[in-house]
Amino acid sequence: MIAATITTRWKSRRFPGKALQKIQGKPLIRHIVDSARQSKVDEVVVATTLSSPSIIKYCIDNEIAYYAYQNEWNILDRLLDTAHAYNADTLVYLWGDCPFIDPKKIDMALEYFGYDPQYFFDMSQPMAIMKTSLLEDVSRTQLSKHKKEYIHDHIMKNIWRPKVEINEREDLMKANELLQEMCSA
């Protein structure tokens with residue numbers, strides 16, 4: 001099961017409460033949820049914290065799936081616990097402060113994800129796709145508080161190595177299709 005997981009919390013360092021601030025009359029978090037729901041993911045979940053009751057209430061009132069984690073700063077465990085709570089084997093990790101996510105880009109990234117089945121990062125969009133098993137492996141290592149909060153950076157610098165191999169004619173055709181879609185999107 002693929003879950004789009006939107007991380008947000010009330011106590012943002014730079015702009016507390018930004019998840020519910022309105023853009024064109026709609027809360028920031030709603031823009032992200034709506035975009036994710038237009039993609040081919042199976043579930044859209046807001047991954048927040050227990051110290052974010054306004055976000056939790058908004059999710060309940062608007063029938064948005066959510067998971068509330070106790071630790072304000074540990075994104076690694078918040079993502080992992082959310083994945084376990086929703087039985088997700090793959091997460092589309094979306095930043096909760098980036099309202100302009102393109103659902104077509106999510107779908108293209110999910111298609112591309114088959115080439116690197118552990119982790120994928122789209123430089124043009126605020127998202128990463130990862131297997132829950134990768135987060136489980138990372139969680140068994142000793143990481144600082146900072147690395148648990150910025151888990152994406154840790155994975156990018158220490159684990160992920162992009163891999164697209166052209167071994168057969170079919171791979172070349174697929175690479176051409178993906179590149180054409182990415183350039184036209």
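The values are calculated or read from the model by the stated rules, or taken from the named source; none is laboratory data. Note that the structure is predicted; figures quoted are calculated from it, not measured. For neighbour counting, all protein chains shown are included, and Cβ atoms are generated from backbone atoms with ideal geometry for every residue, glycine included.
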Hey, Ser39 assigned to a loop (DSSP other than H, G, I, E, B), within 16 Å of Ala128 (Cα to Cα), in contact with a Pro (Cβ under 9 Å, 6 or more places away or on another chain) and of a type in the set (Gly, Ala, Ser) or not:
yes
Within segment 1-36, residues surrounded by 20 or more Cβ atoms within 10 Å (Cβ to Cβ) and of a type in the set (Gly, Ala, Ser) come out as Ala3, Ala4, Ala19, Ser35, Ala36
Among the candidates Ile55, Ile75, residue that is touching a strand residue (DSSP E or B) at 6+ places or on another chain (Cβ under 7 Å), of a type in the set (A, V, I, L, M) and under 19 Å from Lys26 (Cα atoms):
Ile55
Top-ranked residue in segment 37-55 [being surrounded by 14 or more Cβ atoms within 10 Å (Cβ to Cβ) and hydroxyl-bearing (Ser, Thr, Tyr); ranked as nearest to Gly96 (Cα to Cα)]:
Thr48
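Go through segment 66-85 and give me each residue that's in contact with an Asp or Glu (Cβ under 7 Å, 6 or more places away or on another chain) and crowded, with 19+ Cβ neighbours inside 10 Å.
From segment 66-85, those in contact with an Asp or Glu (Cβ under 7 Å, 6 or more places away or on another chain) are 67, 69, 71, 73-75, 80; that's our starting set.
Residues satisfying the conditions are Tyr67, Tyr69, Asn74, Ile75, Leu80.
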Report yes if some residue within segment 52-60 is touching a Lys or Arg at 6+ places or on another chain (Cβ under 6 Å) and assigned to a loop (DSSP other than H, G, I, E, B); otherwise report no.
yes
If we ask which residues in segment 66-92 are among the aliphatic types (A, V, I, L, M), part of a strand (DSSP E or B) and within 21 Å of Gly17 (Cβ to Cβ), their number turns out to be 1
Where residues in segment 17-38 are at pLDDT 95 or above and polar (S, T, N, Q), which of them is farthest from Leu94 (Cα to Cα)?
Gln38
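Looking only at residues that are in a loop (DSSP other than H, G, I, E, B), under 27 Å from Lys131 (Cβ atoms) and of a type outside the set (Ser, Thr, Tyr) in segment 1-16, which one is modelled with the highest pLDDT?
Filtering segment 1-16 down to residues in a loop (DSSP other than H, G, I, E, B) leaves 1, 8-16.
Those still in the list that are under 27 Å from Lys131 (Cβ atoms) too: 1, 8-9.
Now drop any that are not of a type outside the set (Ser, Thr, Tyr), which leaves 1, 9.
Details: Met1: 93, Arg9: 88.
That would be Met1.
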If you go through segment 41-71 one residue at a time, how many are out of contact with any Phe, Trp or Tyr (no Cβ under 6 Å at 6 or more places or on another chain) and closer than 19 Å to Val138 by Cα?
2
Ala47 - would you say it is small (Gly, Ala, Ser), assigned to a strand (DSSP E or B) and touching a residue at least 12 places away in the same chain (Cβ under 8 Å)?
yes
